[in-house]
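Only one structure is covered here, and it is reproduced in the block below.
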Amino acid sequence: MKFAVAMLAVMYLACATTMAAEATKAEKPVTKSPPQFVSPEVHADGQVSFRVWAPQAKEVTVFGDYDWNPKPLVKNADGLWSVTLKIPPGIWGYTLSIDGQKQADPNNQWLKPSRYPTTSGVLVPATPPASYEHQGAPAGTVHLHTYASKATQSLRNLRVYTPPGYEKSKKPLPVLYLLHGFSDSEAAWTEFGRAHVIADNLLAAKQMVPAIIVMTDGHAIPIDREKWLDNLRAYQNDLLQEVIPLVEANYRTKKTPADRAIVGLSMGGEQALSLGINNPQLFAWVGGMSAATRHLEVFEPGLSQPQVLNKKLRWLWVSIGKDDFLLELNRAFIAALAAKGVKHAYRETEGAHAWPIWRTYLAEVLPQLFRAASR
């Protein structure tokens, strides 16, 4: 009797264990290998398909600087989400949102350089090719540098574009210091702004003066919005004490103010405008794209001597999109220039605070630099 009871207990325990195992197995999602797919896929008619494999996701959307309103993706039986959108020609940044979490497209190697890397890139070709598209022009060289900055007590990076034929020439060239925006890096103007491609095309068309373009890292201290002015001061020290001497020691550069320009976008716009206005003995060409002119006091040293600025600056240029959230700050800055009688060029265009407008601005700016004065 005891043996039978024991056998029943063993059989019951085995059955219960099997049932529990089956229940656990049923609860676990079946993991499948991701299907092969392309994302983004640019079609011949200009439409773009975005895809992402997320079998456990409940909601996936995509948005970008072509349209900030999120568009839903649809999930198929394999867990692949997709949507096809009509997007105008251009280079566009886009971001996926998977159950509310923003991320770059994991299937796209083209990533916007940033301290917050959530933006991928896609090119929808234009007809004829746009200024930022390869047009068969001779290519310049983008040099990468790492240097030990005494000004910031850190290792820093910068990129230097030299035009086609530079290596075979002995002719010194003027220099443009081209600055990026908040959270980006020294790679932004080449990897996403296509500054080198724009310059190659303009040079091939003989529409700009051959020049060296220096692209720095605008974050001289660890990124922190609350330390904006601290970063501005640290960056200015780094540029003046480290970057300019490095460039002029290693490249054939002209070294007069008439042969130096400084232009930047957003955060880099405020950096460029403040450095240029406060140092007309160094820069005769100064420009801001969608500049984050948050602190008018940083311009005061230069604006206190408007006669000096009007005599030494050959070009002071500011432009911003009418839908830019920094528009009123730019208008206040322009009003400050006007109140001091400082000569300048100011233009409001269509567009928002995004790379499409800054590429367009650069294609307009480069042909203006290092020519006869015009304001």
Answer residue from region 353-375, given it is surrounded by fewer than 17 Cβ atoms within 10 Å (Cβ to Cβ) and part of a loop (DSSP other than H, G, I, E, B) and is modelled with the highest pLDDT among those: R371
Residue set L329, L246, L273; condition in a helix (DSSP H, G or I) and open to solvent by less than 10 Å² (accessible area, probe 1.4 Å); output residue L273
Criterion: modelled with pLDDT under 95 and out of contact with any Ser or Thr (no Cβ under 6 Å at 6 or more places or on another chain) - qualifying residue of R314, R294: R294
Could you go through region 329-346 and let me know if any residue there is of a type outside the set (V, I, T) and at pLDDT below 95. no
Across region 194-205, what is the total count of residues that are assigned to a helix (DSSP H, G or I), under 29 Å from W228 (Cα atoms) and open to solvent by 10 Å² or more (accessible area, probe 1.4 Å)? 1
Hits in region 276-306 - residues which are more than 14 Å from W317 (Cβ to Cβ), in contact with an Asp or Glu (Cβ under 8 Å, 6 or more places away or on another chain) and of a type outside the set (A, V, I, L, M, F, W, C): R294, H295
Filter region 57-85 for residues that are closer than 23 Å to L123 by Cα, modelled with pLDDT under 95 and part of a loop (DSSP other than H, G, I, E, B) and give the result. D65, Y66
Search region 38-55 for residues that are without any contact (Cβ under 8 Å) to a residue 24 or more places away in the chain and pair each with any residue that is surrounded by 13 or more Cβ atoms within 10 Å (Cβ to Cβ) and of a type outside the set (D, E, K, R) when their beta-carbon atoms are under 8 Å apart and the residues are at least 6 apart or on different chains. E41/V48; E41/S49
Here the qualifying pairs (Cβ atoms under 9 Å; residues six or more apart or on different chains; first in region 329-342 and closer than 14 Å to N310 by Cα and of a type outside the set (D, E, K, R); second open to solvent by 10 Å² or more (accessible area, probe 1.4 Å) and part of a loop (DSSP other than H, G, I, E, B)) come out as L337/K343; L337/H344; A338/H344
Out of region 276-303, which residues are over 20 Å from L329 (Cα atoms) and surrounded by fewer than 24 Cβ atoms within 10 Å (Cβ to Cβ)? N279, P280, Q281, L282, A284
List the strands (runs of 3 or more DSSP E) inside region 91-193, counting only whole elements, that have at least 3 residues being open to solvent by 50 Å² or more (accessible area, probe 1.4 Å). 101-103, 141-149
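The values are calculated or read from the model by the stated rules, or taken from the named source; none is laboratory data. These numbers come from a predicted model, not from an experiment. Note that we place each Cβ from the backbone using ideal geometry, even for glycine, and neighbour counts take in every protein chain shown. Areas reflect the complete protein model, heavy atoms only, side chains present, ligands, DNA and RNA absent. Shrake-Rupley method; radii C 1.70, N 1.55, O 1.52, S 1.80 Å.
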